[in-house]
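What follows is a set of notes on a single structure, which appears directly below.
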């Protein structure tokens, strides 16, 4: 597998790097590398179909935010892995999940569930609170044999987790072609199989399929806009796990979920982010 490095260079080091880190995050790059001399911020995008469009969008956003120069180049796989070996270590999530990069062999304990991802594969490595909270809630809600939809699948990490928890059928959807390709590669890397579909939200899911559980780790505005559509495809007493919600937006998301026929079961929060388990009324 190969990657493309995107590097933003600044005339003067920003006092606060977080807005630029957030921009990388919006384009699926959770993991960034920062240098002080010269001041740069970089990340890697996996080189599959759709990568060029993501890189151009990222370049424009960084320049508009104040970067002096944004460059991209093909990245030798070993170099990126060596850079990240000092930062990306196995992480335990919830009771059973262990998320790790390919270069970190691990002795798993009884009941542990192994998810293998590399940081260059962008769009969710389990290193962000919204992803971790989804995995934690998924572990509590999913029973073997369930039919699951992952709307806004990113890297496919949640779809992989659902498969490894014993879901009977998993369908993953993302509007970004790059996410669909990365999800397929991550499924193969983890020895699981799920359907990965490109398109916007609920409308591209197969007709006539109803779900025991839907996962959506996406921005609040999108959660609000799709709540009614999700309610139409979730079975009575089925589950909707939502994440990607900043605290200030949570009341609006919950209100729309309630109007669409969901009751709140549980919420968790971390670093200003909220995730929740909702259950459809009978």
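Bear in mind these aren't lab numbers, they're just calculated from the coordinates by the rules spelled out. As the structure is a computational prediction, the values presented were derived from the model and not from experiment. Glycine also receives a Cβ, built like all others from the backbone with ideal geometry; neighbour counts cover every protein chain displayed.
When you count the other C-beta atoms within 10 angstrom of each residue and take the mean per peptide, 213-224, 4-15 line up highest first as 213-224, 4-15.
In deg cm²/dmol and to the nearest 500, what is the mean residue ellipticity at 222 nm of the chain if only DSSP H runs of at least 4 residues count, each as -39500 (n - 2.57), divided by the residue total?
Details: 8 runs with 91 residues, N = 282.
That calculation yields -10000 deg cm²/dmol at 222 nm.
Extension gain, residue 197 to residue 263: 0.36 nm times the residue separation minus the Cα-Cα distance gives 20.9 nm.
Suppose we take every Cα in the range 3-84 and form the convex hull; what volume per residue is that in Å³?
On the way: hull volume 6.9 nm³, N = 82.
Cα-based convex hull of the range 3-84, divided per residue, equals 85 Å³.
Dividing the Cα radius of gyration of the range 146-186 by its Kirkwood radius returns 0.95 for Rg/Rh.
Volume of the convex hull of the chain (Cα atoms only), normalised per residue: 124 Å³. Look at 153, 29 and count the other Cβ atoms within 10 Å of each Cβ; fewest to most, that gives 29, 153.
One equal scatterer on each Cα of the range 117-280, no solvent, Debye formula: the resulting log10 I(q)/I(0) at q = 0.08, 0.09, 0.11 Å⁻¹ is -0.19, -0.24, -0.37.
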